[in-house]
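Only the coordinates and a few stated rules stand behind these numbers; no lab work does. No experiment lies behind these values; they were computed from the predicted model shown. All Cβ positions, even for glycine, are placed from backbone atoms using ideal geometry, and neighbour counts span all protein chains on display.
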Amino acid sequence: MVQQVCIEPGQVRKEAAIQTSAWVYHFYIMENEQEKHEYYMRMALEEAQKAREIDEVPVGAVIVFRDEVVAKAHNLREHSMQAYAHAEMLAIQKASESMHTWCLDECDLYVTLEPCMMCTGAIVLSRIRNLYYGAKDPKGGAVDSLIEIKTISRLNHHPKVTSGILAEECGAILTDFFREKRKKPKRDKNQFKITQE
Ligand code: ZN
């Protein structure tokens with residue numbers, strides 16, 4: 001015998017309201033999370049801008065521990081004359097110094113560009129919990145592009161990866177930088193000609 005369930009119109013409305021408020025709450029949390037990621041990524045972009053101002057490839061990184069920024073850094077490869085002086089490496093170094101540990105397993109790293117092989121290695125070794133990056137690097141990215149870190153199952157640590165945070169802005173600062181760079185040799189050439197005259 002099929003049991004007939006009678007639902008009063010008011011009850012349906014009440015259940016619908018509960019369902020709706022659950023979704024509203026879900027989206028509210030989601031929106032706040034997104035806002036938080038964009039806030040830290042903007043901070044990383046400010047770091048990238050600092051690099052650009054001193055003619056370094058504009059990449060910036062920020063490390064966050066329990067909603068507190070513990071390190072900020074930008075690429076300094078040219079100025080330090082060190083191949084390893086990428087934004088992520090310097091940020092990891094600063095965070096480790098300020099937290100007195102190499103193990104950053106409660107830290108989240110925000111970086112404007114997909115990390116390279118070296119930086120991805122340092123992220124794994126320092127046990128960074130979450131990695132948020134902006135623009136993809138099809139030529140040198142070692143998280144999703146050149147290498148897909150999630151496919152290397154034998155690694156003893158995998159950061160949770162979220163890509164595409166402010167990707168457009170993170171990519172644009174690099175595109176503009178390299179566009180300007182390409183113009184520079186022409187100006188130097190002209191300058192050379194002028195001094196020859
Ligand atoms: Zn790197």
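Annotation: amide H-H contacts under 5 Å for Val161 (H modelled 1.01 Å from N, sequence separation of 5 or more, or interchain): Leu131. Residues of the stretch 43-71 with the amide nitrogen closer than 16 Å to a label point 7 Å from the Cα of Arg179, along Cα-to-Cβ, please. Label zone hits: 58.
When the pairs Lys139/Lys181; Lys50/Lys72; Lys94/Lys139 are compared against a 21 Å limit on Cα-Cα distance, Lys94/Lys139 fall above it. Cα gyration tensor of the stretch 21-140, axes a ≥ b ≥ c as square roots of the eigenvalues: rounded (a/c below 1.5), prolate (a/b > b/c) or oblate? Since a/c reaches 1.5 and a/b is larger than b/c, the shape of the stretch 21-140 is classed as prolate. Given axes a ≥ b ≥ c from the Cα gyration tensor, I'd like to know whether the stretch 78-143 is rounded (a/c under 1.5), prolate (a/b larger than b/c) or oblate. Oblate is the answer for the stretch 78-143, as a/c is 1.5 or above yet b/c matches or exceeds a/b. Note on Asp105 and Asp67: with the Förster distance fixed at 22 Å, the Cβ-Cβ geometry gives a FRET efficiency of about 0.85. Beta-bridge orientation, the stretch 41-161: approximately 60 percent antiparallel, per DSSP, counting only bridges with both partners inside. Using the average count of surrounding beta-carbon atoms within 10 Å as a protection proxy, the listed peptides 154-165, 135-146 rank, highest first, as 135-146, 154-165.
The mean sequence distance of close C-alpha pairs (under 8 Å, at least 6 residues apart), as a share of the length of the stretch 38-197, puts its relative contact order at 19 percent. Under the simplified labelling scheme, the Glu169-Glu35 pair shows an inter-label distance of 1.5 nm, with each label point 7 Å from Cα along Cα→Cβ.
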